[in-house]
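The values are calculated or read from the model by the stated rules, or taken from the named source; none is laboratory data. Keep in mind the model is a prediction, meaning the values are calculated, not measured. Virtual Cβ from ideal backbone geometry, glycine too; neighbours counted across all protein chains shown. With ligands, DNA and RNA removed, areas are computed over all heavy atoms of the protein, side chains included. Shrake-Rupley method; radii C 1.70, N 1.55, O 1.52, S 1.80 Å.
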Amino acid sequence: MIDDSALGYEVSDHAERLYRQVYYAIREEVGRIAKAGSKEKFDWKEYKQNFAKTFGTPDNRKYSLKQLLEYAHLKLGKNLEQLIESNRKSCERYQRYQNRLAQDEDVKDEIPY
């Protein structure tokens, strides 16, 4: 094992990064399905809390990466590569959303009242 502590920064293990990507991709995909099937107003905050109760969190895991991948295959028909791509697209959408919020804040700051 290479001791990379002298680099001055920490790089998480590849499996750790994969777990997070898979976890968040499943959370979003299942949430979208739940929202589409919900007859009531869908509360994302409540859903995320319930998801964490069921699956744990990336820092407090209830299931292994293998178990998450089995779940994704069974419930979503998705494999690892598809989940990674889904997570990448989700991150891009989130970044665009954050940029729009920042632009709106800039506009609000420019209004002199």
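Things to note:
- Any hit, the stretch 35-47, residues being in contact with a Phe, Trp or Tyr (Cβ under 8 Å, 6 or more places away or on another chain) and touching a residue at least 60 places away in the same chain (Cβ under 8 Å): no
- Cβ pairs under 8 Å, 6+ apart, first in the stretch 1-13 and surrounded by 10 or more Cβ atoms within 10 Å (Cβ to Cβ), second among the aliphatic types (A, V, I, L, M) and modelled with pLDDT under 75: Asp4/Val11
- Condition met for Tyr63 (at pLDDT 95 or above, in contact with a strand residue (DSSP E or B) (Cβ under 9 Å, 6 or more places away or on another chain) and either assigned to a helix (DSSP H, G or I) or not basic (Lys, Arg) (or both)): yes
- When residues of the stretch 86-113 are limited to those that are at pLDDT 90 or above and open to solvent by less than 70 Å² (accessible area, probe 1.4 Å), the one farthest from Ala15 (Cα to Cα): Ser90
- Neighbours by Cβ (under 9 Å, 6+ apart or cross-chain): first from the stretch 75-90, closer than 14 Å to Arg20 by Cα; second of a type in the set (Val, Ile, Thr) and in a helix (DSSP H, G or I): Leu80/Val22; Leu83/Val22; Leu83/Ile26; Ile84/Val22; Ser86/Ile26; Asn87/Val22
- Out of Glu28, Glu16, Glu46, Glu85, sole residue that is acidic (Asp, Glu), assigned to a helix (DSSP H, G or I) and touching a helix residue (DSSP H, G or I) at 6+ places or on another chain (Cβ under 8 Å): Glu28
- Look at the stretch 52-68: where a residue is open to solvent by 50 Å² or more (accessible area, probe 1.4 Å) and a partner is of a type outside the set (Gly, Ala, Ser), sitting 6+ places away or on another chain with Cβ atoms under 7 Å, you get Lys62/Phe55; Tyr63/Phe55.
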